[in-house]
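Chemist: Sharing a structure with you now.
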Amino acid sequence: MDKCPPTICRAKLYQDYFSKFGKVYFISSIRNPYATQKPINLWVKYAKMQKYNIENLDNLISTSYEELVLKPEIVLNRIKDNIPFLDDISLNFSNNQTKVQGKTVNTDSLNRVTKKEKKNKLLETELEILNYFNYNFIE
């Protein structure tokens, strides 16, 4: 699991190479474009790469930042169910601030909306990718 853009765009190459040695596993994650600090054109670019990965990689678990924060047990169970050698991993919330579903997590940035007007100029032309990841266009 690596979130750097070169890894995201080379994931298929990694799968093709490393599958010679056994199963290759991926965890794909994305974040609400309105909450991210990245320029919106980069979010769109990376979202399209993640969409490609979801549709073309074997053994891929897909999640979102929001799901990971609000429903970590569901994400953890999905990982355990799909990556056998990680069946003993557990959750650790030692550095977080807020209680959600009885667990301590940091939710400060979940509902943040930054630079909405600027982001909307591009997002209104990219509704398909926004919808693909179940994010709403905010007027």
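Chemist: Report the residue count in segment 2-24 for those that are under 14 Å from the mean Cα position of the chain (by Cα) and β-branched (Val, Ile, Thr).
Modeler: Looking only at that region, the number is 2.
Chemist: How many of the residues making up segment 24-35 are within 17 Å of ASN131 (Cα to Cα) and surrounded by 19 or more Cβ atoms within 10 Å (Cβ to Cβ)?
Modeler: Counting residues in segment 24-35 that are within 17 Å of ASN131 (Cα to Cα) and surrounded by 19 or more Cβ atoms within 10 Å (Cβ to Cβ) gives 6.
Chemist: Just checking, which of GLU67, GLU55 is modelled with pLDDT of 90 or more, closer than 20 Å to ILE138 by Cα and either over 12 Å from the mean Cα position of the chain (by Cα) or not polar (S, T, N, Q) (or both)?
Modeler: Values: GLU55 fails: closer than 20 Å to ILE138 by Cα.
Of GLU67, GLU55, the one residue that is modelled with pLDDT of 90 or more, closer than 20 Å to ILE138 by Cα and either over 12 Å from the mean Cα position of the chain (by Cα) or not polar (S, T, N, Q) (or both) is GLU67.
Chemist: For VAL69, all conditions in the list (1) closer than 21 Å to LEU86 by Cα; (2) in contact (Cβ under 8 Å) with a residue 60 or more places away in the chain hold save one; what is the number of the exception?
Modeler: Condition not satisfied by VAL69: (2).
Chemist: Being small (Gly, Ala, Ser) and either touching a residue at least 60 places away in the same chain (Cβ under 8 Å) or under 29 Å from LYS116 (Cα atoms) (or both) is the filter here; which residues of segment 1-44 pass it?
Modeler: The first filter runs over segment 1-44 and keeps only residues small (Gly, Ala, Ser), leaving 11, 19, 22, 28-29, 35.
Correct list: SER28, SER29, ALA35.
Chemist: Filter segment 111-133 down to the residues that are at pLDDT 95 or above and in a loop (DSSP other than H, G, I, E, B), then identify the one that is surrounded by the most Cβ atoms within 10 Å (Cβ to Cβ).
Modeler: This residue is GLU126.
Chemist: While we're looking at this one, here's another question. Being part of a helix (DSSP H, G or I), among the hydrophobic types (A, V, I, L, M, F, W, C), at pLDDT 85 or above and out of contact with any helix residue (DSSP H, G or I) (no Cβ under 9 Å at 6 or more places or on another chain) narrows it down to one residue among PHE85, PHE21; which is it?
Modeler: Being part of a helix (DSSP H, G or I), among the hydrophobic types (A, V, I, L, M, F, W, C), at pLDDT 85 or above and out of contact with any helix residue (DSSP H, G or I) (no Cβ under 9 Å at 6 or more places or on another chain) holds for just one of PHE85, PHE21, which is PHE85.
Chemist: Would you call PRO72 crowded, with 16+ Cβ neighbours inside 10 Å and either farther than 15 Å from ASN131 by Cα or acidic (Asp, Glu) (or both)?
Modeler: Yes, satisfied.
Chemist: Related question: Mind checking which pairs have a first residue in segment 45-60 that is in contact (Cβ under 8 Å) with a residue 60 or more places away in the chain and assigned to a helix (DSSP H, G or I) and a second that is surrounded by fewer than 15 Cβ atoms within 10 Å (Cβ to Cβ) and of a type in the set (Lys, Arg), Cβ under 6 Å, 6 or more apart or different chains?
Modeler: Going by the 6 Å Cβ cut-off, there are no qualifying pairs.
Chemist: Out of all the residues in segment 9-23, which are crowded, with 19+ Cβ neighbours inside 10 Å and touching an Asp or Glu at 6+ places or on another chain (Cβ under 8 Å)?
Modeler: Scanning segment 9-23 gives a single hit, GLN15.
The values are calculated or read from the model by the stated rules, or taken from the named source; none is laboratory data. Just so we're clear, the structure is a prediction, and the values are computed from it rather than from any experiment. Every residue, glycine as well, gets a Cβ built from its backbone with ideal geometry; the counts of neighbours run over all protein chains shown.
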